[in-house]
Amino acid sequence: MKAKALIPLAIFIGLVAFLAIGLTLNPREIPSPLIDKPAPAFNLPQLQQPEAQLKLADMQGKVWLLNVWASWCVACREEHPVLIDFAKRGVLPIIGLNYKDKRDDALGWLGQFGDPYTLSIVDADGRVGIDYGVYGVPETFLIDGKGRIRHKHIGPLTPEVLEKELLPRIKELQGA
């Protein structure tokens, strides 16, 4: 009879331990199954020139960033000045993936806040975002010259993230 009485206590202790471990994890460190795998192919219209397309193959041989953004994204506003400053350094091409947005809204947003992107492509229905495992904006992918995803950052880029996470990886890939 006493052993049966301890079962709810054991379950409670197990749940507390599980939740305590979960609280110590960083929610931005969600592992992506795409790291070190080929980036999903795309062929999307450019934001500024909808008649022109950009394909993943067009970026072959370059180390580059794919930054997922939208004019309706509040966190993108926080990230945007960081991208503007980073783009001025000319370290690598930054391709914007305008995600589930209206073209006029996106163009107006870039006109108002500045355009850090080498170019932006339009993912109006979100299919490319799904292929890349995007579940929120902003998200940023570092892609190597062979077209493999080498790093994924979830959330807004900050100067600290650029200096400590991205730049060392970029320099390593550019030197390879």
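The values are calculated or read from the model by the stated rules, or taken from the named source; none is laboratory data. A quick note: this is a predicted structure, and the numbers were derived from the prediction, not measured. Positions of Cβ are generated from backbone atoms using ideal geometry, with glycine treated the same way; all protein chains shown enter the neighbour counts. We work out accessible area using only protein heavy atoms, side chains counted, and drop any ligands, DNA or RNA first. Shrake-Rupley method; radii C 1.70, N 1.55, O 1.52, S 1.80 Å.
Of the residues that sit in the stretch 12-33 and are modelled with pLDDT under 75 and β-branched (Val, Ile, Thr), which one is surrounded by the fewest Cβ atoms within 10 Å (Cβ to Cβ)?
Filtering first and then ranking leaves Thr24.
Only one of Trp72, Trp109, Trp64 is closer than 19 Å to Val161 by Cβ and touching a residue at least 24 places away in the same chain (Cβ under 8 Å); which?
None of the others qualify; the one that does is Trp64.
Exactly one of these conditions fails for Asp36: (1) at pLDDT 95 or above; (2) under 19 Å from His151 (Cα atoms); (3) part of a loop (DSSP other than H, G, I, E, B). Give me its number.
It is condition (1) that Asp36 fails.
Does the stretch 39-60 hold any residues that are part of a loop (DSSP other than H, G, I, E, B) and open to solvent by less than 40 Å² (accessible area, probe 1.4 Å), and which are they?
Hits for the stretch 39-60 are Ala39, Pro40, Phe42, Leu47, Ala52.
With respect to the numbered conditions (1) within 14 Å of the chain's Cα centre (by Cα); (2) under 13 Å from Phe42 (Cβ atoms), which one is the sole condition not fulfilled by Val122?
(1)
So if I check each of Arg148, Arg103, Arg127, which one is free of Cβ contacts under 8 Å to residues at least 12 places away in the same chain, out of contact with any Ser or Thr (no Cβ under 7 Å at 6 or more places or on another chain) and within 25 Å of Asn43 (Cα to Cα)?
Every option except Arg127 fails the conditions.
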